Amino acid sequence: MTLPARAEQSGGVAERTVESFVRETFAVVAAELHKLWRDPTELLTRSVQPILWLLVFGQVFTRTHAIPTGDLAYLDFMTPGVLAQSILFTSIFFGIAIIWERDLGIVQKMLVSPAYRGALVMGKALSAGVRALAQSGIVVVIALALGIRLRLGLLPLAGTLGSVLAGAALFSTFSLVVACVVKTRERFMGIGQVLTMPLFFASNAIYPLDIMPPWLKVVAHLNPLTYLVDALRSLMLGAPSAYGLGLDFAVQIGVLLVLAALAARLYPTVAV
């Protein structure tokens with residue numbers, strides 16, 4: 001076989017590999033969306049908490065003026081943070097579905113298939129992102145009803161959707177890594193509850209970084225939720241970004257890729 005023929009064959013194999021990866025990823029997404037379509041009440045029940053944050057916590061603290069937020073009213077300031085909280089709380093428990101699927105034998109069937117492990121992981125991550133988009137729509141409608149001035153231009157909306165997808169994929173992949181390690185529902189629920197509140201409160205979701213003590217600022221800078229909130233606040237409200245949108249997205253996507261690679265390596269062990 002001549003060198004050009006070998007190169008052409010190699011390119012064809014690579015093209016088929018990418019095509020297979022994409023096809024398998026979206027097959028997982030389609031299966032997850034079918035579950036959501038059959039039981040949409042999950043979105044409504046998970047929307048109760050962020051709605052209460054906006055209607056109760058936000059309304060009270062807006063009146064007290066206890067937290068300095070510059071030119072933004074506190075309710076406006078916290079809305080992107082509440083949206084990020086909704087993404088976090090929805091995605092961080094996404095891994096428990098893997099444990100359920102393992103107990104039902106679904107994971108074992110996936111693992112004996114020729115599908116790429118990375119495609120299985122990315123399919124789960126993207127389906128979590130789609131769920132987060134649907135839930136985010138509810139939060140945005142409530143925010144508009146409360147008179148919060150959101151940016152509704154094409155570019156801000158596209159950036160917001162991209163950030164929601166990236167954030168949900170990141171935290172759902174993190175959740176998948178935890179599920180692969182702990183393997184039982186009881187331990188997973190305990191760890192999930194331990195993780196959510198520190199991630200939320202050690203971020204800029206409900207108060208600015210400037211008022212944090214120095215040690216908490218260090219933690220917040222290491223917290224990927226901080227960059228998600230910073231991106232959402234800049235895109236949704238036009239507020240100045242503390243890090244720049246480029247860095248916000250780079251951190252989210254970088255952490256997502258690292259976690260996805262780790263989850264793909266650990267994914268077979270969830271069936272053990």
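The values are calculated or read from the model by the stated rules, or taken from the named source; none is laboratory data. No experiment lies behind these values; they were computed from the predicted model shown. Virtual Cβ from ideal backbone geometry, glycine too; neighbours counted across all protein chains shown.
Kindly indicate which of S113, S127 is hydroxyl-bearing (S, T, Y), modelled with pLDDT of 75 or more and out of contact with any Gly (no Cβ under 8 Å at 6 or more places or on another chain).
Numbers: S113 fails: modelled with pLDDT of 75 or more.
Exactly one of S113, S127 is hydroxyl-bearing (S, T, Y), modelled with pLDDT of 75 or more and out of contact with any Gly (no Cβ under 8 Å at 6 or more places or on another chain), namely S127.
Of the residues that make up the stretch 68-81, is at least one assigned to a helix (DSSP H, G or I), of a type outside the set (A, V, I, L, M) and at pLDDT below 75? Before you say what the answer is, go through the steps one by one.
If we filter the stretch 68-81 for residues that are assigned to a helix (DSSP H, G or I), which is where we start, we get 74-81.
From the residues that got through so far, the ones that are of a type outside the set (A, V, I, L, M) too are 74, 76-77, 79-81.
Next, from what is left, pick out any that are at pLDDT below 75: none.
No: the stretch 68-81 contains no residue that is assigned to a helix (DSSP H, G or I), of a type outside the set (A, V, I, L, M) and at pLDDT below 75.
Could you tell me how many of the residues in the stretch 222-244 are within 18 Å of the chain's Cα centre (by Cα) and either of a type outside the set (G, A, S) or surrounded by fewer than 15 Cβ atoms within 10 Å (Cβ to Cβ) (or both)? Even if it seems obvious, please write down each step before you answer.
Going residue by residue through the stretch 222-244, those that are within 18 Å of the chain's Cα centre (by Cα) are 222-236.
Now narrow it down to the ones that are either of a type outside the set (G, A, S) or surrounded by fewer than 15 Cβ atoms within 10 Å (Cβ to Cβ) (or both): 222-230, 232-233, 235-236.
So the answer is 13.
Any residue that is touching a residue at least 24 places away in the same chain (Cβ under 8 Å) and over 21 Å from A166 (Cα atoms) - is there at least one of those in the stretch 228-240?
First pass over the stretch 228-240, keeping only residues touching a residue at least 24 places away in the same chain (Cβ under 8 Å): 228-233, 235-239.
From what's left, over 21 Å from A166 (Cα atoms): none.
The answer is no; no qualifying residue exists.
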